[in-house]
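The structure appears right after this line, and notes come after that.
Values quoted throughout were computed directly from the atomic coordinates according to the rules given, and no laboratory measurement underlies them. Quick caveat: nothing in here was measured; it's all calculated off a predicted structure. Note that we place each Cβ from the backbone using ideal geometry, even for glycine, and neighbour counts take in every protein chain shown.
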Amino acid sequence: MKWEGNRESDNVEDRRSDGGGQGFGGGGGLFGGRSIGIGTIVVALVGGWIFGINPLTILGLLSGGGSPAQVQQQQAPAQRPPADDRAAKFVSTVLADTEDVWKDVFARGGSTYKEPRLVLFRGATQTACGQGQAAMGPFYCPGDQKVYIDLGFYDTLTRKLGAPGDFAQAYVIAHEVGHHVQNLLGISGKMDAMRGRVSKVEYNALSVRLELQADCFAGLWAQKAQTSRQILEQGDIAEAMNAAAKIGDDALQRSSGGAVVPESFTHGTSAQRQRWFDTGFKTGSVKACDTFNARNL
């Protein structure tokens, strides 16, 4: 991926020197809010290192939790990453590129894109969705409109999940930003309103459509960034497609040594995740990413 020398985002907050976040008092722990991640609940429960689970939504549902509470936070002023931190520079550059793409997409649709913040943390940190932990993988919290990532996750992505490459890493950021776009469009809110109104299996099915749409939005970003700035190098799309395959619900359930249980899927199969990333990349169309009205996923 051609990223060096490109614009870096100002919307990056570095909490890695905070020494790990503290849990909230009262009901502000893991089940205190709702976050949206890139991985799957089944392996997360047995492994603890999986590719960005969707823990606060799905675990809250499984535990019978109600609607997420808004959590008040008190945090130190935002700190920028060190200028010589290559990993932070990379994610800052990818975030900036998503800002450029989505700002243009929203403008063409007659609206204004509100940029999310990306928080770098180590170990654990406070969010408006409860306490975020590195074991959850990267995730987006609609309550504060921030993407959270412990950069140590990229080692997991390469070594444990078998998905190396800088564009695989960029796909992670683009997917989480896709959840931010869903939040701005009101899609996440409509789905959250279904909590408690449908069965667990039905809610899981909705979650799959939400996640596949975020994959499609990641593909859309890649297409438009390539058209505008020629960021892609040979093999980049293959890296993203490989990452999508490695984090399919079916692949993760097999890798955990358990049975494949389609009713428990929350993010989609490997084939579905690849298909929807590819749809976004080939069409560059928000309308084409309408997974909720798609007959076949």
For this session: Give the calculated FRET efficiency between residue 83 and residue 254 to the nearest 0.05, with a Förster radius of 30 Å applied to their Cβ-Cβ distance.
Result: 0.10
Exercise. If you rank 102, 221 by fewest surrounding Cβ atoms within 10 Å, what's the result?
Worked result: 102, 221
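If we count other beta carbons within 10 Å of each Cβ, what is the order of 93, 112, fewest first? Provide the component values of the computation, followed by the final result.
Working: 93 21, 112 9.
Least crowded to most crowded, the residues run 112, 93.
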Problem set entry | Sorted by Cβ density within 10 Å, fewest first, the residues 281, 106 | 106, 281
Seminar exercise, completed: So, with points 7 Å from each Cα along the Cβ direction, the residue 238-residue 185 label distance in nm works out to 3.1
Exercise. Which whole-angstrom value gives the distance between the alpha carbon centres of the stretch 187-251 and the stretch 124-168?
Worked result: 15
Exercise. Any idea what Rg and Dmax come out to for the stretch 156-265 if you just take the C-alpha atoms, in Å?
Worked result: 15.7, 46
For this session: State, in angstrom, two size descriptors of the stretch 90-237 derived from its alpha carbons: Rg to one decimal place and Dmax to the nearest whole number.
Result: 15.7, 46
Exercise. What does the convex hull of the alpha-carbon atoms of the stretch 218-297 project to on average, in nm²?
Worked result: 5.8
Exercise. Listed here are the pairs 103/282; 114/287; 2/114; 114/200; 114/246; 89/160; which of them are more than 27 Å apart at the Cα?
Worked result: 114/200; 114/246
